[in-house]
Amino acid sequence: MSERHVTVDIIIAAVSAVTGVHRIDILSNRRDEDTSRARHAAIWLATKMTQISSPALGRVFGDRDHTTILSSLRRAEELRLSDCDFRFECDAMLGTLLAIERHGLIRLAQTIDPLATARRVLAHPARESVRVSAHEIVALCQVAVAALGEPPPEPSEPASQPDQETDHAA
(Lines give C-alpha, C1' and ligand atoms only; values in the text may rest on other atoms or scores of the structure.)
Protein backbone atom coordinates (compact mmCIF):
# COMPACT_ATOMS: atom_id res chain seq x y z
CA MET A 1 0.00 0.00 0.00
CA SER A 2 1.38 3.40 -0.88
CA GLU A 3 2.07 6.27 1.48
CA ARG A 4 -1.06 8.03 0.20
CA HIS A 5 -3.56 5.54 1.63
CA VAL A 6 -5.04 5.53 5.10
CA THR A 7 -4.14 2.41 7.04
CA VAL A 8 -5.93 0.72 9.93
CA ASP A 9 -3.14 1.94 12.22
CA ILE A 10 -3.83 5.54 11.22
CA ILE A 11 -7.57 4.99 11.72
CA ILE A 12 -7.01 3.57 15.20
CA ALA A 13 -4.71 6.50 16.06
CA ALA A 14 -7.36 8.98 14.86
CA VAL A 15 -10.13 7.28 16.86
CA SER A 16 -7.89 7.22 19.91
CA ALA A 17 -7.13 10.93 19.55
CA VAL A 18 -10.79 11.91 19.09
CA THR A 19 -12.33 9.66 21.75
CA GLY A 20 -9.54 9.71 24.32
CA VAL A 21 -9.54 5.91 24.48
CA HIS A 22 -6.00 4.52 24.35
CA ARG A 23 -5.00 2.49 21.31
CA ILE A 24 -4.16 -0.47 23.51
CA ASP A 25 -7.71 -0.40 24.92
CA ILE A 26 -9.30 -0.23 21.47
CA LEU A 27 -7.43 -3.41 20.57
CA SER A 28 -8.11 -5.09 23.93
CA ASN A 29 -11.05 -7.17 25.15
CA ARG A 30 -12.37 -4.36 27.36
CA ARG A 31 -16.14 -3.95 27.09
CA ASP A 32 -16.87 -0.69 28.88
CA GLU A 33 -19.06 1.71 26.89
CA ASP A 34 -16.36 4.21 25.87
CA THR A 35 -13.96 1.51 24.70
CA SER A 36 -16.66 -0.40 22.81
CA ARG A 37 -17.88 2.76 21.07
CA ALA A 38 -14.32 3.67 20.05
CA ARG A 39 -13.75 0.14 18.73
CA HIS A 40 -17.06 0.23 16.79
CA ALA A 41 -16.05 3.59 15.26
CA ALA A 42 -12.61 2.29 14.29
CA ILE A 43 -14.05 -0.83 12.69
CA TRP A 44 -16.69 1.21 10.83
CA LEU A 45 -14.01 3.61 9.53
CA ALA A 46 -11.72 0.72 8.57
CA THR A 47 -14.48 -0.86 6.46
CA LYS A 48 -15.22 2.49 4.79
CA MET A 49 -11.62 3.45 4.05
CA THR A 50 -9.79 0.19 3.39
CA GLN A 51 -10.33 -2.93 1.32
CA ILE A 52 -9.37 -5.21 4.22
CA SER A 53 -11.54 -8.29 4.74
CA SER A 54 -13.38 -8.91 8.00
CA PRO A 55 -11.10 -11.87 8.92
CA ALA A 56 -8.04 -9.63 8.43
CA LEU A 57 -9.66 -6.83 10.44
CA GLY A 58 -10.39 -9.38 13.15
CA ARG A 59 -6.68 -10.20 13.35
CA VAL A 60 -5.80 -6.50 13.58
CA PHE A 61 -8.42 -5.78 16.25
CA GLY A 62 -7.15 -8.13 18.92
CA ASP A 63 -7.40 -11.46 17.09
CA ARG A 64 -11.19 -11.39 16.92
CA ASP A 65 -13.35 -13.68 14.79
CA HIS A 66 -14.67 -12.16 11.55
CA THR A 67 -18.25 -12.55 12.83
CA THR A 68 -17.34 -10.31 15.78
CA ILE A 69 -16.13 -7.68 13.30
CA LEU A 70 -19.41 -7.95 11.36
CA SER A 71 -21.38 -7.64 14.61
CA SER A 72 -19.36 -4.56 15.58
CA LEU A 73 -20.02 -3.06 12.17
CA ARG A 74 -23.77 -3.64 12.59
CA ARG A 75 -23.62 -2.06 16.06
CA ALA A 76 -21.77 0.95 14.62
CA GLU A 77 -24.50 1.40 12.01
CA GLU A 78 -27.16 1.19 14.74
CA LEU A 79 -25.30 3.79 16.81
CA ARG A 80 -25.01 6.06 13.77
CA LEU A 81 -28.80 5.95 13.41
CA SER A 82 -29.64 6.39 17.10
CA ASP A 83 -26.82 8.58 18.47
CA CYS A 84 -26.17 11.95 16.83
CA ASP A 85 -22.86 12.43 18.67
CA PHE A 86 -21.52 9.07 17.50
CA ARG A 87 -22.57 9.80 13.91
CA PHE A 88 -21.01 13.28 14.06
CA GLU A 89 -17.71 11.94 15.43
CA CYS A 90 -17.55 9.17 12.82
CA ASP A 91 -18.41 11.54 9.97
CA ALA A 92 -15.85 14.09 11.19
CA MET A 93 -13.12 11.45 11.42
CA LEU A 94 -14.07 10.04 8.01
CA GLY A 95 -13.96 13.50 6.43
CA THR A 96 -10.64 14.34 8.02
CA LEU A 97 -9.05 11.03 7.03
CA LEU A 98 -10.36 11.34 3.47
CA ALA A 99 -8.95 14.87 3.22
CA ILE A 100 -5.58 13.74 4.55
CA GLU A 101 -5.56 10.88 2.06
CA ARG A 102 -6.70 13.06 -0.84
CA HIS A 103 -3.98 15.65 -0.26
CA GLY A 104 -1.23 13.09 0.24
CA LEU A 105 -0.58 14.05 3.85
CA ILE A 106 -0.57 10.50 5.19
CA ARG A 107 3.19 10.49 5.59
CA LEU A 108 2.91 13.48 7.92
CA ALA A 109 0.03 11.95 9.84
CA GLN A 110 1.56 8.52 10.38
CA THR A 111 2.61 7.53 13.85
CA ILE A 112 4.88 4.82 15.04
CA ASP A 113 3.09 1.61 15.94
CA PRO A 114 4.59 0.50 19.24
CA LEU A 115 2.92 -2.90 19.06
CA ALA A 116 4.47 -3.58 15.66
CA THR A 117 7.84 -2.52 17.06
CA ALA A 118 7.42 -4.86 20.02
CA ARG A 119 6.46 -7.73 17.71
CA ARG A 120 9.51 -7.04 15.52
CA VAL A 121 11.83 -7.05 18.53
CA LEU A 122 10.30 -10.19 20.03
CA ALA A 123 10.42 -12.04 16.70
CA HIS A 124 14.23 -12.07 16.71
CA PRO A 125 16.21 -14.63 18.67
CA ALA A 126 18.19 -13.21 21.57
CA ARG A 127 21.47 -13.56 19.69
CA GLU A 128 20.44 -11.11 16.96
CA SER A 129 20.32 -7.37 17.29
CA VAL A 130 17.31 -5.36 16.19
CA ARG A 131 17.45 -1.70 15.22
CA VAL A 132 14.94 0.39 17.10
CA SER A 133 14.79 4.14 16.67
CA ALA A 134 14.57 6.53 19.59
CA HIS A 135 11.03 7.42 18.45
CA GLU A 136 10.03 3.75 18.60
CA ILE A 137 11.50 3.43 22.09
CA VAL A 138 9.54 6.48 23.26
CA ALA A 139 6.34 5.04 21.72
CA LEU A 140 6.93 1.72 23.50
CA CYS A 141 7.48 3.54 26.79
CA GLN A 142 4.26 5.53 26.31
CA VAL A 143 2.30 2.32 25.81
CA ALA A 144 3.88 0.77 28.91
CA VAL A 145 3.04 3.82 31.02
CA ALA A 146 -0.52 3.93 29.62
CA ALA A 147 -0.96 0.22 30.40
CA LEU A 148 0.00 0.95 34.01
CA GLY A 149 -2.62 3.69 34.11
CA GLU A 150 -0.17 6.36 35.15
CA PRO A 151 0.20 9.81 33.61
CA PRO A 152 3.33 10.15 31.49
CA PRO A 153 6.20 11.95 33.23
CA GLU A 154 7.16 15.43 32.13
CA PRO A 155 10.13 15.44 29.72
CA SER A 156 13.34 16.55 31.34
CA GLU A 157 16.20 18.51 29.85
CA PRO A 158 18.74 16.30 28.09
CA ALA A 159 21.93 15.77 30.01
CA SER A 160 24.76 17.93 28.78
CA GLN A 161 27.42 16.06 26.87
CA PRO A 162 31.07 16.64 27.74
CA ASP A 163 33.08 18.29 25.00
CA GLN A 164 35.78 15.64 25.20
CA GLU A 165 35.72 11.93 25.68
CA THR A 166 37.16 10.76 28.95
CA ASP A 167 39.54 7.87 29.18
CA HIS A 168 38.54 5.34 31.76
CA ALA A 169 41.59 3.61 33.19
CA ALA A 170 41.18 -0.03 33.92
Tally, over the range 1-47, of residues that are loosely packed, with under 15 Cβ neighbours inside 10 Å and outside any loop (DSSP other than H, G, I, E, B): 3
Candidate set: the range 59-71, residues that are assigned to a helix (DSSP H, G or I) and at pLDDT 95 or above; chosen: the one farthest from Ala13 (Cα to Cα): Thr67
Flag for Arg131 being open to solvent by 70 Å² or more (accessible area, probe 1.4 Å), modelled with pLDDT under 70 and either more than 18 Å from Asp9 (Cβ to Cβ) or not β-branched (Val, Ile, Thr) (or both): no
Lone unmet requirement of (1) part of a helix (DSSP H, G or I); (2) surrounded by 15 or more Cβ atoms within 10 Å (Cβ to Cβ) for Ile52: (1)
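Would you call His103 without any contact (Cβ under 8 Å) to a residue 60 or more places away in the chain and farther than 22 Å from Asp25 by Cα?
yes
If a residue must be surrounded by fewer than 18 Cβ atoms within 10 Å (Cβ to Cβ) and within 18 Å of Thr7 (Cβ to Cβ), how many such residues does the range 74-99 contain? Write out each step before concluding.
Just the residues of the range 74-99 that are surrounded by fewer than 18 Cβ atoms within 10 Å (Cβ to Cβ), to begin with: 74-75, 77-78, 81-85, 87-88, 91-92, 95-96, 98-99.
In the following step, the residues that additionally are within 18 Å of Thr7 (Cβ to Cβ) were identified as 95-96, 98-99.
Counting residues in the range 74-99 that are surrounded by fewer than 18 Cβ atoms within 10 Å (Cβ to Cβ) and within 18 Å of Thr7 (Cβ to Cβ) gives 4.
The values are calculated or read from the model by the stated rules, or taken from the named source; none is laboratory data. It should be emphasised that the depicted structure is a prediction, and the values quoted were computed from it without experimental measurement. We place every Cβ from the backbone using ideal geometry, glycine too, and count neighbours over all the protein chains shown. When the accessible area is computed, the model is the full protein with side chains, heavy atoms only, and any ligands, DNA or RNA have been set aside. Shrake-Rupley method; radii C 1.70, N 1.55, O 1.52, S 1.80 Å.
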